[in-house]
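Working notes, beginning with the structure itself.
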Amino acid sequence: MPQSEQQVSNREQIDFWNGAAADRWLREQELLDQALSPFGLAAIERLVPAPGESIVDVGCGSGQTLLQLAERVGSGGRVLGVDPSRPLLERARQRTAQLPQVELCEGDAASVSLRGPLHGLFSRFGVMFFADPAQAFSSLRAQLEPGGRLGFVCWQALDDNPWCAVPLAVARSMLAEVPALPPPGTPGPFAFASPARVSGALRDAGWRRIEIEAFRRPVRLSASGAEGAADFSFQLGPVARLLAEQPDDVRARVHRRLVERLTPLAREGRVELEGATWLVSARA
């Protein structure tokens with residue numbers, strides 16, 4: 001593997017996930033697990049991990065998907081979790097300590113060397129951060145067994161994801177100077193909004209039998225009303241990044257307005273807004 005310009009070009013994302021973003025993620029781990037699990041499970045069902053297989057989890061984060069994959073491959077299988085975030089991997093290490101079939105690797109999945117044999121590649125919202133997706137998917141494909149399987153889930157466009165678009169619109173409307181949204185395809189949560197871009201990157205990387213299917217589910221922002229939902233948005237996603245450098249008085253005003261916006265959406269204390277994703281599968 002080339003050292004890499006790929007490693008260098010992914011540096012911004014690596015630094016981001018080793019800083020305040022990781023701290024926020026760990027604070028909200030239980031709520032995040034609940035919110036994101038249906039999307040990851042849908043991708044796992046398409047991948048169909050079998051007992052005894054070896055599966056790579058790209059961007060394994062704090063470990064929920066490692067647990068879900070380990071259950072499917074069993075004690076005779078192997079799950080290798082790769083993530084650049086040391087704090088998140090430490091939490092994953094704690095959660096999987098009693099599972100000898102789980103191994104963890106701190107590094108950039110776009111350039112890391114993995115010990116085979118490897119039968120499948122999985123990711124729940126971890127592959128959208130590659131600076132050069134075709135190069136990254138090519139490197140990963142080359143390390144799978146012939147015919148190895150790929151299965152991942154990624155977000156559709158921001159505008160198709162009210163769970164994120166609604167809070168972000170409120171926050172942006174409250175700022176005197178609003179930064180431009182990143183161009184389509186910029187590494188980040190919505191980099192794979194275009195299915196044509198996803199399939200193109202996979203084809204360029206040598207993958208075949210590419211299938212992309214829409215999958216929508218509500219994303220639970222809170223089980224304790226609009227205040228909790230506003231807190232969730234402040235901790236994670238584009239709103240958190242947008243407001244990170246704002247003064248406390250601005251953050252307080254945005255929070256109040258967001259509570260006002262979300263209050264009518266609460267149902268028996270729960271605030272859930274739709275999440276739209278792509279389920280992607282392919283063969284090496």
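What residue, of Val271, Val280, is under 23 Å from the mean Cα position of the chain (by Cα), farther than 18 Å from Ala214 by Cβ and not hydroxyl-bearing (Ser, Thr, Tyr)?
Val271
Considering the stretch 153-184 alone, what residues qualify as being of a type outside the set (D, E, K, R), assigned to a loop (DSSP other than H, G, I, E, B) and either closer than 20 Å to Ala244 by Cα or in contact with a helix residue (DSSP H, G or I) (Cβ under 6 Å, 6 or more places away or on another chain) (or both)?
Met174, Leu175, Ala176, Val178, Pro179, Ala180, Leu181, Pro182
Glu30 - would you say it is without any contact (Cβ under 8 Å) to a residue 12 or more places away in the chain and surrounded by fewer than 19 Cβ atoms within 10 Å (Cβ to Cβ)?
yes
Quick check on my filter: what residues within the stretch 73-106 are among the hydrophobic types (A, V, I, L, M, F, W, C) and not in a loop (DSSP other than H, G, I, E, B)?
Narrowing the stretch 73-106 to residues among the hydrophobic types (A, V, I, L, M, F, W, C): 73, 79-80, 82, 88-89, 92, 97, 99, 102, 104-105.
Result: Val73, Val79, Leu80, Val82, Leu88, Leu89, Ala92, Val102, Leu104, Cys105.
Starting from residues that are surrounded by fewer than 24 Cβ atoms within 10 Å (Cβ to Cβ) and among the charged types (D, E, K, R), keep the ones in the stretch 113-133 and report whichever is modelled with the lowest pLDDT.
Arg115
Cβ contacts < 7 Å: first residue at pLDDT 70 or above, restricted to the stretch 1-23; second residue among the basic types (Lys, Arg) and assigned to a helix (DSSP H, G or I), any location; separation 6+ or different chain. Result?
Asn18/Arg86
Among the numbered conditions (1) closer than 18 Å to Gln156 by Cα; (2) out of contact with any strand residue (DSSP E or B) (no Cβ under 6 Å at 6 or more places or on another chain); (3) at pLDDT 95 or above, tell me where Arg253 comes up short.
Only one criterion is unmet by Arg253, namely (1).
Report the residue count in the stretch 198-229 for those that are charged (D, E, K, R), touching a residue at least 60 places away in the same chain (Cβ under 8 Å) and within 26 Å of Leu32 (Cβ to Cβ). First the steps, then the outcome.
Going through the stretch 198-229, the residues charged (D, E, K, R) turn out to be 203-204, 208-209, 211, 213, 216-217, 220, 227.
Within this subset, residues satisfying the condition of being touching a residue at least 60 places away in the same chain (Cβ under 8 Å) are 204, 208-209, 211, 213, 216-217, 220.
This time we only want the ones that are within 26 Å of Leu32 (Cβ to Cβ), so: 213, 216-217, 220.
Looking only at that region, the number is 4.
Out of Ala201, Ala214, which single residue is closer than 30 Å to Ser139 by Cβ, exposed (fewer than 15 other Cβ atoms within 10 Å of the Cβ), aliphatic (A, V, I, L, M) and at pLDDT 95 or above?
So the residue among Ala201, Ala214 that is closer than 30 Å to Ser139 by Cβ, exposed (fewer than 15 other Cβ atoms within 10 Å of the Cβ), aliphatic (A, V, I, L, M) and at pLDDT 95 or above is Ala214.
Just to verify a result, which residue in the stretch 217-236, among those that are in contact with a Gly (Cβ under 8 Å, 6 or more places away or on another chain) and not β-branched (Val, Ile, Thr), is surrounded by the most Cβ atoms within 10 Å (Cβ to Cβ)?
Per the criteria, the residue is Leu221.
Out of the residues in the stretch 262-284 that are in contact (Cβ under 8 Å) with a residue 24 or more places away in the chain and in a helix (DSSP H, G or I), state the one that is surrounded by the most Cβ atoms within 10 Å (Cβ to Cβ). Quick ask: steps written out before the conclusion?
Applying the first criterion (in contact (Cβ under 8 Å) with a residue 24 or more places away in the chain) to the stretch 262-284 yields 262-263, 265-266, 269-284.
Applying the additional criterion that residues be in a helix (DSSP H, G or I) yields 262-263, 265.
Numbers: Leu262: 24, Thr263: 14, Leu265: 15.
Among those that are in contact (Cβ under 8 Å) with a residue 24 or more places away in the chain and in a helix (DSSP H, G or I), it is Leu262.
The rows are residues; the columns are (1) part of a helix (DSSP H, G or I); (2) of a type outside the set (Ser, Thr, Tyr); (3) buried (at least 16 other Cβ atoms within 10 Å of the Cβ).
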| site | (1), (2), (3) |
| --- | --- |
| Gln34 | yes, yes, no |
| Gly40 | yes, yes, yes |
| Ala43 | yes, yes, yes |
| Val56 | no, yes, yes |
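From Ala97, Ala92, grab the single residue that is hydrophobic (A, V, I, L, M, F, W, C), surrounded by fewer than 20 Cβ atoms within 10 Å (Cβ to Cβ) and either touching a Ser or Thr at 6+ places or on another chain (Cβ under 6 Å) or over 14 Å from Val56 (Cβ atoms) (or both). First the steps, then the outcome.
Working: Ala92 fails: surrounded by fewer than 20 Cβ atoms within 10 Å (Cβ to Cβ).
Of the residues listed, the single one that is hydrophobic (A, V, I, L, M, F, W, C), surrounded by fewer than 20 Cβ atoms within 10 Å (Cβ to Cβ) and either touching a Ser or Thr at 6+ places or on another chain (Cβ under 6 Å) or over 14 Å from Val56 (Cβ atoms) (or both) is Ala97.
The values are calculated or read from the model by the stated rules, or taken from the named source; none is laboratory data. Since the structure is predicted, the reported quantities are computational estimates derived from the model, not experimental observations. Heads up, the Cβs are rebuilt from the backbone with ideal geometry, glycines too, and the neighbour counts pull from every protein chain shown.
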